[in-house]
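Every number in this text was worked out from the coordinates using simple rules, so none of it is lab data. Keep in mind that this is a model prediction, so the values were computed, not measured. Here Cβ is always computed from backbone atoms with ideal geometry, including for glycine, and neighbour counts include all displayed protein chains.
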């Protein structure tokens, strides 16, 4: 009897001691968020310039971890500070259950972000140059691109992969001026008869560098059209030794309709000049060059392929007193290929994340 | 019965998840070599020291206690290690920093990463950047510590976490 008692005590002790030692996890709710206030001044061609204040994005992150493996994550966004008559947007941008088995394998399911391009999944204002997101991430790879879906992810030897099964695009909404952007369904009662399939691979084992690409296919469907869409993109970002450099290239092919291809690229180069003076605030002047054509190839050709083709030079400054807060100012000039029409933009703003 | 108890003790080591313990042992051996022994002590951090360090670095300690390892090669102490946690976006990141007798970092490792994003902070290429740093080093992400696109929160969090330990080890070695 005494021995049995000893044995049971041992079982109890070993279970509690060995299981609890180094067990740092506790079930926990997390809040976070980001936001950005912008001043936008634009002068398109010879038209009079106009300027606005825009609290562009206010986003709250809420998550809960039940265990080390099972968690829930969500993001709710209010765009343009106010929702009325189709102006402004209230969006559930992320809401998914995540299972993290190990570094090699995990999955999530719910409202997710497809892993396409550098910014879609990592879109907080301190993470990119320019007051507004790069025009490439508006017109070629539209961000924030969210919707119903599931993905499998993992990391092996510095290679980060993600395979995504995502809601379809609505092909009726594709346009020469905006490519696939208007075709996003944003998780709203999307046609469940088809999917967008996406695969992403990044390499991360060179310090400061992320380099990779993604390929996506979707037999997109609307009420009146049905178009095969392929999205290929390459991305690279270097952030070390006070240098930040970014390059992204994207190409979208459409197999029917007037629009045949959308294409664009941009590069950024910035340097933290505050490091010369040993300041802890980061002061990063940067330049950006973009070449964007949402109608790079069309069925009818000719001017249709020049009307939406423009190049853009931008110079700007990001000032980060701390990593989570950024003040931004930039000036850019766009030149339309069709007629050399010039548009000028002055933007400044403040952004934060936590 | 005693045999059974011993057997159970042995089994419990292998059956229950011991990944953190195993990873720590492996990290210590990788850093100091196979012929080492170590003592573990769960140290309560002095309140005023804790406050000072938290203020200097701008990050709170995960808890009031920390795992302190003294590593010896059978003859004398050859180094120290501290096992601690920082929060990533929402989950703890468990990491270890190994020091020489002067408090200079000789190795650092992520022992357990639990977040779905930002796992690249575990790479040897990233963690090896801390080698040679001590309490006087800068620890500025983007300058002497390279960032990782897509792992910004973890990178900043772990960098501050390691900086805290370089300050703490000075106090522990006294």
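Length gained on full extension, residue A:354 to residue A:92: 92.5 nm, using 0.36 nm per residue less the C-alpha separation. Relative to the longest principal axis of the Cα atoms of chain A, the long axis of helix A:2-20 makes an angle of roughly 20 degrees. With a cut-off of 17 Å on the backbone N, no residue of the stretch B:113-154 is near the modelled label site 7 Å out from residue B:41 along Cα-Cβ.
For chain A, the relative contact order comes to 14 percent (Cα pairs under 8 Å, sequence separation of at least 6).
Using Cα atoms only, what is the angle between the long axis of helix B:47-57 and the major principal axis of chain B, expressed in degrees (0 to 90) to the nearest 10? With rounding to tens, the tilt is 50 degrees.
Using a Gaussian network model of chain A in which every pair of alpha carbons under 10 angstrom is joined by a spring, one finds that among A:208, A:33, A:106 the greatest mean-square fluctuation is at A:208. Compared with the dominant principal axis of the Cα atoms in chain B, helix B:19-32 is inclined by about 70°. Volume per residue of the convex hull around the Cα atoms, evaluated for the stretch A:23-180, comes out as 158 Å³.
Listing B:166, A:298 from fewest to most neighbouring C-beta atoms within 10 Å gives A:298, B:166. Return the distance in nm (one decimal) between the two label points of a simple spin-label model at residue A:269 and residue B:101, each offset 7 Å from Cα along Cα→Cβ. According to this spin-label approximation, the distance is 5.0 nm. The calculated FRET efficiency for the pair residue A:340 and residue A:206, based on their C-beta separation and a Förster distance of 41 Å, comes to about 0.50. Short-range pairs are left out: with C-alpha atoms under 8 Å and at least six residues apart, the relative contact order of the stretch B:9-146 is 16 percent.
At a Förster radius of 51 Å, what calculated FRET efficiency corresponds to the Cβ-Cβ distance of residue A:228 and residue B:76, to the nearest 0.05? Working from the Cβ atoms, E equals 0.15. Annotation: extensible slack from residue A:194 through residue A:165 equals 9.5 nm (criterion: 0.36 nm per residue apart, minus Cα-Cα distance). Comparing B:131, B:89, B:75 in a Gaussian network model of chain B (Cα springs below 10 Å), the most mobile by mean-square fluctuation is B:75. Give the distance, in whole Å, between the Cα centre of the stretch A:77-99 and the Cα centre of the stretch B:23-101. Their Cα centres are 43 Å away from one another. Calculated mean residue ellipticity at 222 nm for the protein assembly as shown: -5500 deg cm²/dmol, from DSSP H runs with n ≥ 4 weighted as -39500 (n - 2.57), summed, divided by the residue count and rounded to 500.
Between A:295, A:240, A:261, find the one with the highest GNM mean-square fluctuation for chain A; connect C-alpha pairs within less than 10 Å. Largest GNM mean-square fluctuation: A:240. For residue A:313 and residue A:173, the FRET efficiency from 1/(1 + (r/R0)^6), where r spans their Cβ atoms and R0 equals 51 Å, is about 0.95.
If a paramagnetic tag sat 7 Å from the Cα of residue B:56 along the Cα-Cβ line, which residues of the stretch B:87-119 would have the backbone N under 15 Å from that point? Within reach of a label on residue B:56: B:103-105. Label zone (residue A:325, point 7 Å along Cα-to-C-beta; backbone nitrogen cut-off 19 Å) within the stretch B:139-155: B:141, B:153. Rounded, prolate or oblate: which fits the protein assembly as shown, taking a ≥ b ≥ c as square roots of the Cα gyration tensor eigenvalues, rounded meaning a/c under 1.5, else prolate when a/b beats b/c? Prolate is the answer for the protein assembly as shown, as a/c is 1.5 or above and a/b outweighs b/c.
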